[in-house]
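A.B. asks: Let me give you the structure first, and then I'll get to my questions.
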Amino acid sequence: MCGIAGIYSLDGQRPVDRALLEAMTRALVHRGPDDEGFHVAGPVGLGFRRLAIVDPRPAGNQPHYNEARDVISVCNGEIYNYHDLRQDLEARGHRLVSRCDVEVLPHLCEEYGDGLLDRLNGQFALAVYDANKRRLLLARDPVGICPLYWCEVDGQLLFASEVKALLAHPAVPRRVDLAGLDQMLTFPSIVSPQSMFAGIHSLPAGHALIVEGGPAHSMRPMRYWDLDYPIGEAPPPPADWEEQLEHLLLQAVGGRLQADVPVGFYLSGGLDSSLVAGLIRRLRPNDDWHAFSIGFDDPALDERRYQRLMADRIGVRLHEVDFKLDEVDRRLRAVVRASETPLRETYDTCSHALSQAVRDAGCKVVLSGEGADELFAGYVGYRFDMLRGADDPEDFDNLLDGDAWEETRARETLWGDGDFFYERDYAAFRDTKAALYAPELAPRLAGIDCSRRAAVDVARLRGRHPVHKRGYIDFKLRIADHLLADHGDRMTFAHSVEGRYPFLDADVIAFATQLPPGFLMQDGREKYPLRQVARRHVPPAIVDREKFAFVAPGSPKLLARARDGQADWVAALLDPGRIRREGYFNPATVAALRDAYLQPGFAINQTFDVDLLMIVLTFQIFLEEFQMPSRQ
């Protein structure tokens, strides 16, 4: 995995400024400290920073070319089925000069055009340019593991793995996108194609952008993949489902172990990472493995007992990160800069510390368990959905605050279903946001409010069971642009480490999305299929334990430290005069929240509540780190 950047003059004539391309690309050096490469010819320039993992020889450096050198590619990612793709290409007469997995891309484009995307099993953000057709293909992998941003300025299309690279171009403005801020307040994260930067777009997961250059140039978005849950009653699982699922998971883990550098894995003490660890030991029983875990002084957060239990079971070197509260102070600014967005929680600082431990141990690749909760009904909301889908469902309207009619309208807009409950009462939450925003923003609230338009493709929800609806929404609102972005990609690459996610393998997803909801959750316990497979590889104490959410101290802890003189930066960021000058939030509301959060016994339930002050705090850091202008 690496970092990519590019410039394409849409008229097909204007030469690319190589110095600007180099500046953009070198803003991504943390993603690829091992090498760099450029292709600059006429209207197109492609830049690349390399993290050498597969075939680290110079032959594996990018850009890659076809035989005629008129189809050129750069890619941030890994193609796990590249052995099969390579055999197919060589049988068709293609000559590949390296063992690098992504060298197949220009040759696949030559053979199959845009259809190459249907043949890839991997995680990627790619750019392929056909010089003869003056045609640029940008694409992001199906679930959004790898980021890709783009914007149009001065008749040129700019793209890059991170916004930092786009901001290195002097023509790209620095302005806050208020719609992105509203999404951050409302949903688990910003949702592609939105970003926190006005005019800069995030390519959504499973999408491509096709750019035709020339006098009549065009840009056309294309969705090439989406989750496909059954309509109506899902068929029962096959009789050998347990063997099938174990086989698919072993394949997924095995593919993600392929590397010419040391590979490690995270071990949280929960079911998902423990199962990945057990499968790794099953596949490669004689290798010397490194596992990485995090521990807390607070026993309510600490999971070291289970981490050590699993590490002892499979016999690996366990690197424990002892995370103390002052680590949040020390790391939060770097985390916001790496994430390129405000944050709702501090646990990205824990992920930042973990990836540093991975790099310090000499590993460049780490496997993680993201995706299992979304695919196998692992959150508490799925329990409610099972009751919703029952013949005699509970009346959940008593869970909602505010006017039921307004909330029904909001749900119909967001999900196409006035009865579907996801996380909160969004109609009532509009009042919270209105109070938090600066009074001067009041005339614009209706235009930026993300709860007044569909949050996902509601056609993909119609006729589906509530459990499957939630799975689809979680993939779109939670996993791509949060768990795989600020919590995943950005935290690993902050220390030049690649994260890999076996549960998000294409074949595992295809299998899991067809399982009946009642099979995913049995006797009120989530992730039944995974638990059954895990019994073959994981100690019962871990398989049978209740779900334990990975959380870290929130803003009330930081406020208490500031009150006690241990975190002066918190008070400075929440200064009413500063809040007023910047013009985004209401200083009176921020002050009231601060006073409430400091009350004895106050606590935020991070599963259900929004830590509003954490968003305000990290937004203030975001403004500083990216030199964003105030609204005054």
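A.B. asks: Test ILE294 against the stated conditions and say whether it is touching a residue at least 24 places away in the same chain (Cβ under 8 Å) and either among the hydroxyl-bearing types (Ser, Thr, Tyr) or part of a helix (DSSP H, G or I) (or both).
C.D. replies: no
A.B. asks: Still on this structure, I have one more. ARG330 versus (1) within 30 Å of LEU178 (Cα to Cα); (2) modelled with pLDDT under 95; (3) surrounded by 23 or more Cβ atoms within 10 Å (Cβ to Cβ): which is the lone unmet condition?
C.D. replies: Here ARG330 meets the rest and fails (3).
A.B. asks: Looking only at the range 72-97, count every residue that is of a type in the set (Val, Ile, Thr), more than 26 Å from ALA23 (Cβ to Cβ) and not in a loop (DSSP other than H, G, I, E, B) and tell me the total.
C.D. replies: So the answer is 1.
A.B. asks: Can I ask one more? Scan the range 564-574 residue by residue and report those that are within 32 Å of the chain's Cα centre (by Cα) and outside any helix (DSSP H, G or I).
C.D. replies: ALA567, LEU574
A.B. asks: On the basis of being in contact with a Pro (Cβ under 7 Å, 6 or more places away or on another chain) and among the β-branched types (Val, Ile, Thr), does VAL467 make the cut?
C.D. replies: It is true that VAL467 is in contact with a Pro (Cβ under 7 Å, 6 or more places away or on another chain) and among the β-branched types (Val, Ile, Thr).
A.B. asks: Here's a follow-up. Looking at PRO147, PRO170, can you tell me which residue is surrounded by fewer than 24 Cβ atoms within 10 Å (Cβ to Cβ) and outside any helix (DSSP H, G or I)?
C.D. replies: Only one candidate passes the filter, namely PRO170.
A.B. asks: Output the residues belonging to the range 312-331 that are in contact (Cβ under 8 Å) with a residue 24 or more places away in the chain and among the acidic types (Asp, Glu).
C.D. replies: Listed by number, the residues that qualify are GLU320, ASP322, ASP326, GLU327, ASP329.
A.B. asks: What about ASP568, is it surrounded by fewer than 13 Cβ atoms within 10 Å (Cβ to Cβ), acidic (Asp, Glu) and closer than 24 Å to ARG330 by Cα?
C.D. replies: Judged against the criteria, ASP568 is a match.
A.B. asks: Could you grab the pairs with beta carbons closer than 8 Å, sequence gap of 6+ or different chains, first residue in the range 222-233 and assigned by TED's automatic domain parsing to the domain that holds ASP505 and over 28 Å from LEU203 (Cβ atoms), second one β-branched (Val, Ile, Thr) and surrounded by 18 or more Cβ atoms within 10 Å (Cβ to Cβ)?
C.D. replies: Listed pairs, sorted by first residue: none to list.
A.B. asks: Which pairs do you get when a residue that is surrounded by 15 or more Cβ atoms within 10 Å (Cβ to Cβ), found in the range 236-253, comes within reach of a residue that is basic (Lys, Arg) and in a loop (DSSP other than H, G, I, E, B), reach meaning Cβ atoms under 8 angstrom, with the pair 6+ apart or on two chains?
C.D. replies: GLU246/ARG536
A.B. asks: Continuing with this model, one more query. Out of the residues in the range 389-418 meeting the condition of being at pLDDT 90 or above and aliphatic (A, V, I, L, M), tell me which one is surrounded by the fewest Cβ atoms within 10 Å (Cβ to Cβ).
C.D. replies: ALA410
A.B. asks: Here's a check for you: in the range 594-632, which residue that is assigned to a loop (DSSP other than H, G, I, E, B) and of a type in the set (A, V, I, L, M, F, W, C) is modelled with the lowest pLDDT?
C.D. replies: Among residues in the range 594-632 that are assigned to a loop (DSSP other than H, G, I, E, B) and of a type in the set (A, V, I, L, M, F, W, C), the one modelled with the lowest pLDDT is PHE608.
A.B. asks: Output the number of the condition that GLU624 fails; it satisfies all remaining conditions of (1) surrounded by fewer than 20 Cβ atoms within 10 Å (Cβ to Cβ); (2) over 27 Å from the mean Cα position of the chain (by Cα).
C.D. replies: Result: GLU624 passes all but (2).
A.B. asks: Another question, then. Residue check, ILE7 against (1) without any contact (Cβ under 8 Å) to a residue 40 or more places away in the chain; (2) under 18 Å from PRO170 (Cα atoms), all met but one. Which one?
C.D. replies: Here ILE7 clears every test but (1).
A.B. asks: Another question about this same structure. Has the range 43-59 got any residue that is assigned to a helix (DSSP H, G or I) and assigned by TED's automatic domain parsing to the domain that holds ALA171?
C.D. replies: Yes: one or more hits.
A.B. asks: Among the residues of the range 78-121, how many are free of Cβ contacts under 8 Å to residues at least 24 places away in the same chain, of a type in the set (Asp, Glu) and under 27 Å from LYS364 (Cβ atoms)?
C.D. replies: 1
Here's the yes/no breakdown for (1) among the hydrophobic types (A, V, I, L, M, F, W, C); (2) under 23 Å from GLN627 (Cα atoms); (3) more than 23 Å from the chain's Cα centre (by Cα):
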{"position": "LEU167", "(1), (2), (3)": "yes, yes, no"}
{"position": "LEU181", "(1), (2), (3)": "yes, yes, no"}
{"position": "ILE190", "(1), (2), (3)": "yes, yes, no"}
{"position": "GLN194", "(1), (2), (3)": "no, yes, no"}
{"position": "GLY213", "(1), (2), (3)": "no, no, yes"}
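A.B. asks: Also: Anything in the range 17-33 that is surrounded by fewer than 22 Cβ atoms within 10 Å (Cβ to Cβ) and either modelled with pLDDT under 95 or over 24 Å from the mean Cα position of the chain (by Cα) (or both)? List them, or say none.
C.D. replies: ASP17, ARG18, ALA19, LEU20, GLU22, ALA23 - these are the residues of the range 17-33 that are surrounded by fewer than 22 Cβ atoms within 10 Å (Cβ to Cβ) and either modelled with pLDDT under 95 or over 24 Å from the mean Cα position of the chain (by Cα) (or both).
A.B. asks: For the range 333-348, name all the residues that are crowded, with 22+ Cβ neighbours inside 10 Å and part of a helix (DSSP H, G or I).
C.D. replies: VAL335, VAL336, ALA338, SER339, TYR347, ASP348
A.B. asks: I'd like to check something: does the range 201-221 contain any residue that is modelled with pLDDT of 95 or more and surrounded by 24 or more Cβ atoms within 10 Å (Cβ to Cβ)?
C.D. replies: The answer is yes, given that some residue of the range 201-221 is modelled with pLDDT of 95 or more and surrounded by 24 or more Cβ atoms within 10 Å (Cβ to Cβ).
A.B. asks: When you look at ARG119, is it within 23 Å of ASN61 (Cα to Cα) and surrounded by fewer than 21 Cβ atoms within 10 Å (Cβ to Cβ), yes or no?
C.D. replies: yes
A.B. asks: Could we say that PRO193 is without any contact (Cβ under 8 Å) to a residue 24 or more places away in the chain, within 26 Å of LEU441 (Cα to Cα), out of contact with any helix residue (DSSP H, G or I) (no Cβ under 6 Å at 6 or more places or on another chain) and not in a strand (DSSP E or B) here?
C.D. replies: yes
A.B. asks: Since ARG430 meets every condition but one in (1) at pLDDT 95 or above; (2) under 19 Å from LYS476 (Cβ atoms), which condition does it not meet?
C.D. replies: (2)
A.B. asks: Does ASN76 fit the bill of being at pLDDT below 95, within 23 Å of VAL29 (Cα to Cα), assigned by TED's automatic domain parsing to the domain that holds TYR149 and buried (at least 16 other Cβ atoms within 10 Å of the Cβ)?
C.D. replies: It is false that ASN76 is at pLDDT below 95, within 23 Å of VAL29 (Cα to Cα), assigned by TED's automatic domain parsing to the domain that holds TYR149 and buried (at least 16 other Cβ atoms within 10 Å of the Cβ).
A.B. asks: If VAL276 meets every condition in (1) under 21 Å from GLN251 (Cα atoms); (2) in contact with a strand residue (DSSP E or B) (Cβ under 9 Å, 6 or more places away or on another chain); (3) not in a helix (DSSP H, G or I) apart from one, which number is that one?
C.D. replies: Failed condition: (3).
A.B. asks: Follow-up question, since we're still on this one. Taking GLY122 as the residue in question, decide whether it is under 19 Å from the mean Cα position of the chain (by Cα) and in the same structural domain as SER218 (by TED's automatic domain parsing).
C.D. replies: Spelling it out, GLY122 is indeed under 19 Å from the mean Cα position of the chain (by Cα) and in the same structural domain as SER218 (by TED's automatic domain parsing).
A.B. asks: Which one of these is assigned to a helix (DSSP H, G or I) and more than 30 Å from ARG281 (Cα to Cα): ARG580, ARG531?
C.D. replies: Of the residues listed, the single one that is assigned to a helix (DSSP H, G or I) and more than 30 Å from ARG281 (Cα to Cα) is ARG580.
The values are calculated or read from the model by the stated rules, or taken from the named source; none is laboratory data. None of the values given here were measured: they were computed from a predicted structure. So basically every Cβ, Gly included, is an ideal-geometry build from the backbone, and we count neighbours across all protein chains shown.
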